[in-house]
1. Given the residues Leu112, Leu104, Leu95, Leu42, which is the only one that is without any contact (Cβ under 8 Å) to a residue 60 or more places away in the chain and not small (Gly, Ala, Ser)?
2. Looking only at residues that are at pLDDT 95 or above and of a type in the set (Gly, Ala, Ser) in the stretch 65-92, which one is surrounded by the fewest Cβ atoms within 10 Å (Cβ to Cβ)?
3. So which residues in the stretch 36-57 are within 16 Å of the chain's Cα centre (by Cα) and over 16 Å from Ala84 (Cβ atoms), if there are any at all?
4. Inside the stretch 5-100, counting only strands (runs of 3 or more DSSP E) that do not spill past its ends, which hold 1 or more residues that are of a type in the set (A, V, I, L, M) and under 20 Å from Pro196 (Cα atoms)?
5. Going through the stretch 50-64 one residue at a time, which ones are surrounded by 23 or more Cβ atoms within 10 Å (Cβ to Cβ) and over 15 Å from Leu35 (Cβ atoms)?
6. Out of Leu49, Leu104, report the one residue that is at pLDDT 95 or above and under 22 Å from Ile171 (Cβ atoms).
7. If you check Gly178 against the conditions, is it touching a helix residue (DSSP H, G or I) at 6+ places or on another chain (Cβ under 8 Å) and under 21 Å from His19 (Cα atoms)?
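The values are calculated or read from the model by the stated rules, or taken from the named source; none is laboratory data. These figures come from a predicted structure and were not determined experimentally. Ideal geometry is used to build each Cβ from the backbone, glycine not excepted, and the neighbour counts take in all protein chains shown.
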Amino acid sequence: MSRAIIVLGHGSRHPLAEHTVARIAAAVDGEYAMLDFSAHTLTNAAMLLAARGIRQAAVVPLLFTDAYHLNHDVPEAAAEAQEASGVQLQVTAGLGTGADMERLLGQVIGDLQDARPQRFTNIALYAVGSSTPGANDSVWDLAARVGARAVFATGAPPKGVAALEGFDAVIPLFVAEGVLWDSVVREGLPAVLGEPLGERVAEIVRQRAEQPGPVAVGREHVA
């Protein structure tokens, strides 16, 4: 692959979140950047590439749904970074909720199940949630395909930790640590808890970087 990779995380106030995104970037021999809560912006990452003489890079957003961040914040940040650095940035599809994510979550659930003597009978897939119409539907569909039920941290009730009562396993649809998942961990639920996906998403990131995607030009996002 000729292009460099920038792994773009959402950003979090959690002290470990940025380190996790950095590890994912290292796993794909790329740079990392955060949309929020970090000085390591997409412009910063693009400038680092420019200083090394790199003129093209794929920006892979660590996002699951086709919602506001992917459609507005990411292309705006990419346009600013491209203008400032001179590096041509191609924003790829996010991690998504497709077949590759289904396989990954199946492995995660299988690994948790293998360590337990009893079969899980009621699994929650815990996601952030979105106010964008249709975005949560893709998570509901993904959850059903892996034998789980979607529960969201935000949005309309039932939501958050209170909505996790009665599940015997909770799988976070989170890439990195964050305050929303920490609230679940602190609750002390009787359910078996998974962990944020972390470096497990590296292969999906590589695949996204190799696929064609829209290019950030000026402040537009065009196919």
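1. Details: Leu112 fails: without any contact (Cβ under 8 Å) to a residue 60 or more places away in the chain; Leu104 fails: without any contact (Cβ under 8 Å) to a residue 60 or more places away in the chain; Leu95 fails: without any contact (Cβ under 8 Å) to a residue 60 or more places away in the chain.
On inspection, the qualifying residue turns out to be Leu42.
2. The residue in question is Gly86.
3. Quick first cut of the stretch 36-57, residues within 16 Å of the chain's Cα centre (by Cα) only: 36-37, 42.
Passing the criteria: Asp36, Phe37.
4. Working: elements: 31-34, 56-61, 88-91.
Answer list for the stretch 5-100: 31-34, 56-61.
5. Passing the criteria: Ala57, Ala58.
6. On the way: Leu49 fails: under 22 Å from Ile171 (Cβ atoms).
None of the others qualify; the one that does is Leu104.
7. Working: touching a helix residue (DSSP H, G or I) at 6+ places or on another chain (Cβ under 8 Å): yes; under 21 Å from His19 (Cα atoms): yes.
Against the criterion (touching a helix residue (DSSP H, G or I) at 6+ places or on another chain (Cβ under 8 Å) and under 21 Å from His19 (Cα atoms)), Gly178 qualifies.
Residue-by-condition table, conditions (1) of a type in the set (A, V, I, L, M, F, W, C); (2) over 20 Å from Asp182 (Cβ atoms):
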site	(1), (2)
Ala4	yes, yes
Gly9	no, no
Thr20	no, no
Phe37	yes, no
Ala45	yes, yes
